């Protein structure tokens, strides 16, 4: 399955739903959907099946800029945490 990015705006909340495989090919699309973010940005990763290193960095960037990540599969959360820890050490 390719990556699908859906955006739902309601009041001051934007929800970006990501499904499938998030790779470098979709990185700019995800950033465009998230930035600039409204007061509240929620990125729903419930249906995310896999992620490559570029996708990981994009999600980390969006999270670091204040987005709330929800429905994050455990292995993807681990990947986000490990890459963040490595970035802090360098």
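The values are calculated or read from the model by the stated rules, or taken from the named source; none is laboratory data. Bear in mind the structure is a predicted one, so any value in this text is a computation, not a measurement. As a convention, Cβ positions derive from the backbone with ideal geometry for all residues, glycine included, and neighbour counts pool all protein chains shown.
Quick notes
- Qualifying residue in the range 64-72 (condition: modelled with pLDDT of 95 or more and in contact with a helix residue (DSSP H, G or I) (Cβ under 7 Å, 6 or more places away or on another chain)): yes
- When residue 53 is tested against the conditions (1) surrounded by fewer than 19 Cβ atoms within 10 Å (Cβ to Cβ); (2) at pLDDT 95 or above, the lone failure is (2).
- Single residue of the range 3-33 satisfying the filter (touching a helix residue (DSSP H, G or I) at 6+ places or on another chain (Cβ under 6 Å) and within 15 Å of residue 72 (Cβ to Cβ)) that is surrounded by the most Cβ atoms within 10 Å (Cβ to Cβ): 22
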